[in-house]
Amino acid sequence: MNETQPPTPHDALELLLAGNRRFVSGTPEHPNQDATRRTEIAPSQQPFAVLFGCSDSRLAAEIIFDRGLGDLFVVRTAGHVAGAEALGSIEYGVSVLDAPLVVVLGHDSCGAIAAACAAADGGTVPGGFVRDVVERVTPSVLAARAAGRGTAEEILAEHIEHTVDLLLERSRALAERVAAGRLGVVGLSYRLADGSAQLVAARGLDAAVPTAS
Ligand SMILES: [Zn+2]
């Protein structure tokens, strides 16, 4: 990859999906994880993607996409809920660091989504600040169910797509870059058992979106 010219949104997505395919098949290359890379990028970073994912411990970004130092600008919150600090961090990766791709990464068996489903069913709403997480996931649960898409997989897909659209609604910086063709915002759905990431939403990419693994 050229160090001075960021890849296109499409190429950045293909880089990520290629890494995920290596991870899934058990043939990782562990790129950019050595001392040479560490020294090379110490003066400045140019990550090719902002990864906004759930904090789940099984979703370690550089591992599941087989990348290394300086590749991904990672922002993670439980249930990938986007409050002001998360939005600011994502905007930093795009506006200041010039990353051409934002990836929203959700996954099956997500505790935040399960808690939001339970709360919507009249169960207990968690206390403390966990409540804020659940409340930010709840609109996705309600929207999916209202559309007759109530399975766990459908709710997950809805929440990922909802997050993609929320980023573009809330952040003018992101929306402008997408409109200018300089940024892609995609949603990937990760399966814990086999480690694969499926594309479930794409904004700002041309029709020829690379196939997920
Ligand atoms: Zn989760």
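We did not get these values from a lab; they are worked out from the coordinates using the rules stated. Given the structure is predicted, the values throughout are model-derived calculations rather than measurements. Note that we place each Cβ from the backbone using ideal geometry, even for glycine, and neighbour counts take in every protein chain shown.
Along the positive direction of the dipole of the chain (beta-carbon charges: Lys, Arg +1; Asp, Glu -1; about the Cα centre), which of Val125, Gln5, Leu183 reaches farthest?
The residue sitting farthest along the positive end of the dipole is Val125.
Using Cα-only point scatterers and the Debye equation, what is log10 of I(q)/I(0) for the chain at each q in 0.10, 0.12, 0.13 Å⁻¹, rounded to two decimals?
Computed log10 I(q)/I(0) values: -0.42, -0.60, -0.71.
If I fit a long axis through the Cα atoms of helix 9-24 and take the longest principal axis of the Cα atoms of the chain, what angle between them do I get, 0 to 90°, rounded to 10?
80 degrees
Which value, in debye to the nearest 20, describes the size of the charge dipole of the chain about its Cα centre when Lys and Arg Cβ atoms bear +1, Asp and Glu Cβ atoms bear -1, and nothing else is charged?
That gives the chain a dipole magnitude of about 180 debye.
Please provide three numbers in whole Å: the alpha-carbon extents of the stretch 140-181 along the principal axes, with the largest listed first.
Principal extents (Cα only, largest first): 36, 15, 12 Å.
Rank Pro28, Pro126, Pro43 by mean-square fluctuation in a GNM of the chain with C-alpha springs under 10 angstrom and give only the top-ranked residue.
Pro43
Do any trypsin sites (Lys or Arg not before Pro) in the stretch 73-177 lie in a loop, going by DSSP, with at most 15 other beta-carbon atoms within 10 Å of their beta carbon, and if so which?
Those that pass, being in a loop and sparsely packed, are Arg149.
In Å and whole numbers, how far do the C-alpha atoms of the stretch 22-133 stretch along each principal axis, longest first?
Principal-axis extents of the Cα atoms in the stretch 22-133, largest first: 54, 35, 22 Å.
Report the longest stretch of the chain that contains none of the GluC sites (Glu not before Pro) sitting in a DSSP loop with at most 13 other Cβ atoms within 10 Å.
Counting only loop sites that pass the neighbour cut-off, the longest clear stretch is 30-213.
Any idea which of Pro43, Ile113, Val75 is furthest toward the positive side of the dipole for the chain, if Lys and Arg beta-carbons carry +1 and Asp and Glu beta-carbons -1?
Farthest along the dipole direction, towards plus: Ile113.
Using Cα springs under 10 Å in a Gaussian network model of the chain, which residue among Thr27, Thr77, Thr163 shows the largest mean-square fluctuation?
Highest fluctuation of the listed residues: Thr27.
Suppose every Lys and Arg Cβ carries +1 and every Asp and Glu Cβ carries -1, with no other charges. What dipole size does the stretch 1-91 come out with about its Cα centre, to the nearest 20 debye?
220 debye
With springs connecting C-alpha atoms under 10 Å apart, model the chain as a Gaussian network and identify which of Ala49, Ala120, Ala202 has the largest mean-square fluctuation.
Of the options given, Ala120 has the highest mean-square fluctuation.
How big is the C-alpha Rg of the stretch 77-181 next to the rule-of-thumb value 2.2 N^0.38 Å, as a ratio?
The stretch 77-181 yields a ratio of 1.13.
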